[in-house]
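What follows is one structure encoded as structure tokens, with my remarks underneath.
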Amino acid sequence: MSARTHTDRAHDDWPDHGWTDDTGPDDAWDERWDTPPPRRRQKRSPTGRRQLAHLTASDPDDVQDDVIRRLTDRGYITEIVAELKSGKEATAYVARGPRGSVLVKLYRDLQARSFQNDQVYREGQVILDARAAKAMQNRTRLGLHMLQQDWVLSEYAHLWTLWKAGLHVPEPLAGPHPTAYAETVPAVVMRLIGTEDHIAPRLSDAALSPAQAQRAWEQSLQGMADLLRLGYAHGDYSTYNLLWWEDTVTIIDFPQLSTRQNPNFHTLLTRDAQSLATSFRKHGIHTDGPAVLRDVQRRALGPAPEPRLLLP
Ligand SMILES: Nc1ncnc2c1ncn2[C@@H]1O[C@H](COP(=O)(O)OP(=O)(O)OP(=O)(O)O)[C@@H](O)[C@H]1O
Ligand SMILES: [Mg+2]
């Protein structure tokens, strides 16, 4: 099958900082970090995107992307089929794997990745290692590397928690132990929603009948309530991060999930309710953020989904 390219930029409602500075202090690598130190790069303009031609090169020596090669070597994927989409955080690829179709979410290069808005989600998080905290705060090369690792590992950890709790989220395909999923960083591998030829659309792109819109709306409220019952605010909850496949809503995009430990929790929850209401207007659902929040809080007191039992 030939490689296809879909590259629409998603909702760009937040500014991109576009870190280009690779001139942070030369941190001696600390052996407490269990991954190899980031290689010092030649100065170049960051693209943040990896070229599909490289990823699909037939000569293994031409496969320039070491992340994809690592995923292949470790058996998570057998081949990349297409670049699906380049979003603000990562590029999504459709791949094949031993257990079916895979979505590879490959986070951007450090320099191209924006960490400007991370702070709002990170507040309340305690970093015990003072040196690590300082490196992150000062955005040194080491600090950026740690921030990125933390962001990607958070997405996996949240995916596993939510998958095990029975929510409609993509099944993570590395883990459940962190030492297993750490192998794929800075990529997250998960089950593709839809099929290779008919990938599930985002609700923002889906054409829904009034009856389907109502079902999607109900499920989206329920999904937000399921998250809240577990103590989470998604932090970017709208039809841009909800997929629609076989009459079912699947929630995606979890690195920024926040808990009540975060002093911004209520603000994030309120904003999610507003975003959900606003983004559903195109499907003929007219309500407002406060009404959504009340509904979600009421549903969060109701029964939880059936947890999934993991096979040994
Ligand atoms: N498991 C999946 N199955 C099918 N498609 C997916 C899956 N996960 C993500 N996608 C697609 O990839 C896109 C990017 O994923 P995601 O939203 O997690 O990343 P992002 O970098 O935050 O992108 P965005 O800026 O679009 O929010 C999604 O909008 C969706 O179209
Ligand atoms: Mg997204």
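The values are calculated or read from the model by the stated rules, or taken from the named source; none is laboratory data. This is a predicted model, so every value here is computed, not measured. Note: ideal-geometry Cβ built from the backbone for every residue, glycine included; neighbour counts use all protein chains shown.
Residue check: is Leu208 more than 10 Å from ligand 1 (Cβ to nearest atom), more than 15 Å from the chain's Cα centre (by Cα) and assigned to a loop (DSSP other than H, G, I, E, B)?
yes
Under 9 Å between Cβ atoms, which residue pairs at least 6 apart in sequence (or on different chains) link something in the stretch 113-132 that is in a loop (DSSP other than H, G, I, E, B) with a partner that is modelled with pLDDT of 75 or more and of a type in the set (Val, Ile, Thr)?
The qualifying pairs are Gly124/Thr259.
Check the stretch 44-54 and report whether any residue there is closer than 30 Å to Ser258 by Cβ, modelled with pLDDT of 90 or more and of a type outside the set (A, V, I, L, M).
No, the stretch 44-54 contains no residue that is closer than 30 Å to Ser258 by Cβ, modelled with pLDDT of 90 or more and of a type outside the set (A, V, I, L, M).
Filter the stretch 84-104 down to residues that are touching a Pro at 6+ places or on another chain (Cβ under 9 Å) and either surrounded by fewer than 21 Cβ atoms within 10 Å (Cβ to Cβ) or over 15 Å from Pro170 (Cα atoms) (or both), then give me how many there are.
Final tally of qualifying residues: 2.
Looking only at the stretch 207-239, which residues are more than 19 Å from Pro303 (Cα to Cα) and in contact with an Asp or Glu (Cβ under 8 Å, 6 or more places away or on another chain)?
If the condition is that a residue be more than 19 Å from Pro303 (Cα to Cα) and in contact with an Asp or Glu (Cβ under 8 Å, 6 or more places away or on another chain), then Gln212, His234, Gly235, Asp236, Tyr237, Ser238 are the ones that fit.
Of the residues His234, His283, which single one is surrounded by fewer than 22 Cβ atoms within 10 Å (Cβ to Cβ), in contact with a helix residue (DSSP H, G or I) (Cβ under 8 Å, 6 or more places away or on another chain) and outside the structural domain of Val152 (by TED's automatic domain parsing)?
Testing whether each residue is surrounded by fewer than 22 Cβ atoms within 10 Å (Cβ to Cβ), in contact with a helix residue (DSSP H, G or I) (Cβ under 8 Å, 6 or more places away or on another chain) and outside the structural domain of Val152 (by TED's automatic domain parsing) leaves just His283.
On the given criteria, is Arg191 in contact with a helix residue (DSSP H, G or I) (Cβ under 9 Å, 6 or more places away or on another chain) and touching a residue at least 60 places away in the same chain (Cβ under 8 Å)?
Answer is no for this residue.
Looking at the structure I just gave you, is Asp118 surrounded by fewer than 16 Cβ atoms within 10 Å (Cβ to Cβ), at pLDDT below 90 and within 20 Å of Val188 (Cβ to Cβ)?
no
Of everything in the stretch 234-255, what is near ligand 2 (Cβ under 10 Å from one of its atoms) and not aliphatic (A, V, I, L, M)? Give them in sequence order.
Asp236, Ser238, Tyr240, Asn241, Asp253, Phe254, Pro255
So which residues in the stretch 221-244 are under 18 Å from Ser279 (Cβ atoms), of a type outside the set (A, V, I, L, M) and not in a helix (DSSP H, G or I)?
Passing the criteria: His234, Gly235, Asp236, Tyr237, Ser238, Trp244.
Every residue in the stretch 286-295 that is loosely packed, with under 15 Cβ neighbours inside 10 Å and in a helix (DSSP H, G or I), please. Reasoning before the result, please.
To start, the set of residues in the stretch 286-295 that are loosely packed, with under 15 Cβ neighbours inside 10 Å comprises 286, 288, 290-291, 294.
Listed by number, the residues that qualify are Pro290, Ala291, Arg294.
Here is a yes/no grid of residues against (1) closer than 27 Å to Asp150 by Cα; (2) outside the structural domain of Ile285 (by TED's automatic domain parsing); (3) within 15 Å of the chain's Cα centre (by Cα):
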position	(1), (2), (3)
Leu203	no, yes, no
Trp217	no, no, no
Leu221	no, no, no
Leu243	yes, no, yes
Thr248	no, no, no
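Quick grid of which residues meet (1) within 25 Å of Asp73 (Cβ to Cβ); (2) in a loop (DSSP other than H, G, I, E, B); (3) among the aliphatic types (A, V, I, L, M); (4) within 16 Å of ligand 2 (Cβ to nearest atom):
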| residue | (1), (2), (3), (4) |
| --- | --- |
| Arg139 | no, yes, no, no |
| His145 | yes, no, no, no |
| Gln149 | yes, no, no, no |
| Val152 | yes, no, yes, yes |
| Ala174 | yes, yes, yes, no |
| Ala180 | yes, no, yes, no |
| Glu183 | yes, no, no, no |
| Val189 | yes, no, yes, no |
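Going by the structure shown, is Arg271 assigned to a helix (DSSP H, G or I), farther than 15 Å from Gln297 by Cα, of a type in the set (Lys, Arg) and modelled with pLDDT of 95 or more?
No.
Could you check the stretch 121-158 and list, in sequence order, the residues that are at pLDDT 80 or above and of a type in the set (Phe, Trp, Tyr)?
Trp151, Tyr156
Looking only at the stretch 84-110, how many residues end up being at pLDDT below 95 and of a type in the set (Val, Ile, Thr)?
1
Would you check which residues across the stretch 84-96 are more than 11 Å from ligand 2 (Cβ to nearest atom) and within 15 Å of Val67 (Cβ to Cβ) and list them?
Passing the criteria: Thr91, Tyr93, Ala95.
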